[in-house]
Amino acid sequence: MFQVAAPRALLLPVVVLLGLGGVVSPAAAHGGRYGGDRLAVTVSHAGSADGTHLLRCHPGGGDHPDPSGACRVLDRRTRWGRDPFAAEEPHGLCTMQYGGPAVARVIGTWAGRPVDVTYDRHDGCAVSRWDALVPVLPGLGQ
């Protein structure tokens with residue numbers, strides 16, 4: 001009976017290793033075409049900051065005015081199980097501070113997930129949310 005148990009004990013690691021053969025990297029999952037994180041940032045009603053810029057991270061690039069700074073901010077905000085673009089829950093009341101008519105939309109892919117989010121500056125909480133993403137979004141401090 002002991003002779004039968006020994007081969008079963010050796011079989012388990014082999015089965016586990018064979019099972020890992022199905023685990024693929026992000027690059028392989030995208031057919032080898034995975035080019036990192038890509039975002040299009042469109043800003044309007046912000047004067048000279050208006051326009052659309054492509055931001056690429058990992059590796060960095062695009063025509064964004066500050067790709068390395070923007071990628072650094074997004075990397076710092078990225079945590080497992082947390083959307084770096086999600087609105088923070090206010091810990092109190094939002095001020096009635098109007099930050100101007102600027103609107104930004106960010107679309108693309110970040111950390112393998114689709115992104116489609118809009119920002120504005122209609123009150124103090126929205127201004128803080130916008131400012132937390134500078135330089136992904138332009139700094140419009142007034």
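None of the figures in this text is laboratory data; all of them are computed from the coordinates on show. In this text, all values refer to a predicted model and were calculated from it rather than measured experimentally. Here the Cβ positions follow ideal geometry from the backbone for every residue, glycine too, while neighbour counts run over all protein chains shown.
Give me Leu93, Leu140, Leu133 ranked fewest to most by other Cβ atoms within 10 Å of their Cβ, as a rough exposure proxy.
Leu93, Leu140, Leu133
Determine the gain in length on full extension of the stretch Ala132-Glu89; use 0.36 nm per residue of separation and subtract their C-alpha separation, reporting nm with one decimal.
14.1 nm
Would you mind ranking Asp131, Asp63 so that the residue whose beta carbon has the fewest other beta carbons within 10 Å leads the list? Let's see the in-between values first.
On the way: Asp131 15, Asp63 11.
Final ranking by Cβ density, sparse to dense: Asp63, Asp131.
Taking the beta-carbon count within 10 Å as an exposure proxy, list Ser128, Ser48, Ser68 from fewest neighbours to most.
Ser48, Ser68, Ser128
Principal axis lengths of segment 29-131 from Cα atoms, whole Å, largest first?
49, 33, 20
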